[in-house]
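Here's the structure we're looking at; comments come further down.
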Ligand SMILES: NC(=O)c1ccc[n+]([C@@H]2O[C@H](COP(=O)([O-])OP(=O)(O)OC[C@H]3O[C@@H](n4cnc5c(N)ncnc54)[C@H](OP(=O)(O)O)[C@@H]3O)[C@@H](O)[C@H]2O)c1
């Protein structure tokens, strides 16, 4: 069981959307929460609203920046016991028509898949020194049925979903708690002002997530993801059609 209080928590991408709301909710029960992101102004704005936040500017697409973040934690926050891999990016494009398709695919895999692996690998021993060492990976219902205008994003998250299952088995005897949170559509800056109609608020998404975390669940399907998972098992073709009908341009 991950207790929701008295932890030292790092949330990657905690300056916006789901990560910021998580930081706000978790600050109510924890002394301080660490967040990182690329944009310093956004980090500073989050800190101004929530002074107990600790901020660190870095670009998780750059391996050396991941190392800088790890070093900062080890030097200043070695009591870290919870890592939340939340930062992610997406490009909407048509694979064959986009001349920068491969660069975009590579960038998405760096941020959405390889950065979480780097942070887990390099922070595991720090997390493990404390009670309830916990790793939370944020993924999406789209691991069950991909959205066609997200050429690479679905695949990066499906990779993280698969890896999280592997990690949970490999670390079973080592006292780690490995949690995956599969989010539904949530109304955040992610959607650039055009969220799908079914999107729920960050407050609701985070409240549902934390309720299940505190209940001891390890694979948390938030809101409609439960239904999508069920449909994708009994009728994968219908699930695919349904997802893509929600996201017509
Ligand atoms: N919103 C949805 O409908 C939805 C649905 C399912 C799953 N999710 C997942 O939920 C998580 C949060 O999404 P969100 O909707 O809250 O997105 P968001 O509002 O766009 O926030 C993304 C956060 O990640 C940070 N970030 C992005 N690239 C980064 C990089 N290279 N290095 C460091 N930080 C980086 C951003 O800060 P900077 O831009 O300043 O770097 C920002 O703080 C993601 O994992 C996403 O896949 C979202």
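Kirkwood Rh, the range 94-238, all Cα pairs: how many Å? Walk me through the numbers before you get to the answer.
Values: mean 1/r = 0.0601 Å⁻¹.
So the Kirkwood estimate lands at 16.7 Å.
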(request) Give the angle, between 0 and 90 degrees and rounded to the nearest 10, that separates the Cα long axis of helix 40-49 from the longest principal axis of the Cα atoms of the chain. (result) 70
(request) Go ahead and estimate [θ] at 222 nm for the chain from helices alone: -39,500 (n - 2.57) per DSSP H run with n ≥ 4, summed, over the residue count, rounded to 500. (result) -14000 deg cm²/dmol
(message) Along each principal axis of its Cα atoms, how long is the range 157-249 end to end? Whole angstroms, biggest number first, please.
(response) 46, 31, 21
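Translational diffusion coefficient, Stokes-Einstein: compute it for the range 1-114 using the Kirkwood radius over C-alpha pairs as Rh, at 20 °C and 1.002 mPa s, and state it as an integer in µm² s⁻¹. Present the calculation step by step, with values, prior to reporting the outcome.
Values: Rh = 15.0 Å.
Approximately 143 µm²/s, per Stokes-Einstein.
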(message) Normalised radius of gyration for the range 95-157, please: alpha carbon Rg relative to 2.2 N^0.38 Å, two decimal places.
(response) 1.43
(request) At 0.36 nm per residue, minus the direct Cα-Cα distance, what do residue 129 and residue 234 gain on full extension? Give it in nm, one decimal, please. (result) 33.5 nm
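Please order 78, 214 by the number of other Cβ within 10 Å, starting at the fewest.
On the way: 78 11, 214 14.
Starting with the residue having the fewest Cβ neighbours, the order is 78, 214.
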(request) Note down the nm distance, to one decimal, between modelled labels 7 Å out along Cα→Cβ at residue 190 and at residue 49. (result) 1.7
(message) Quick check on the exposure proxy: order 118, 233 from fewest to most C-beta atoms within 10 angstrom.
(response) 233, 118
(request) Compute the acute angle (0 to 90°) between the alpha-carbon long axis of helix 236-246 and the principal axis of greatest extent of the alpha-carbon atoms of the chain; round to the nearest 10°. (result) 80
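Stokes-Einstein diffusion coefficient for the chain at 4 °C in a medium of 1.567 mPa s, Rh from the Kirkwood formula over Cα pairs: what value in µm²/s? Please list the in-between numbers first.
On the way: Rh = 18.4 Å.
In µm²/s, the coefficient rounds to 70.
Rounded to a whole number of µm²/s, how large is the Stokes-Einstein D of the range 206-246 at 4 °C and 1.567 mPa s, given Rh as the Kirkwood radius over C-alpha pairs? Don't jump to the answer; show the numbers that get you there.
Numbers: Rh = 11.3 Å.
Roughly 114 µm²/s, to the nearest whole number.
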(request) Measure nothing fancy, just the Cα-based angle from helix 17-27's long axis to the longest principal axis of the chain, in degrees from 0 to 90, nearest 10. (result) 30
(request) Return the whole-Å distance between the Cα centroid of the range 69-102 and the Cα centroid of the range 1-36. (result) 16
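Coordinate-derived values only; no laboratory data. Please read all numbers here as calculations on a predicted model, not as lab measurements. Reconstructed Cβ throughout: ideal geometry from the backbone, glycine too, with neighbour counts over all protein chains shown.
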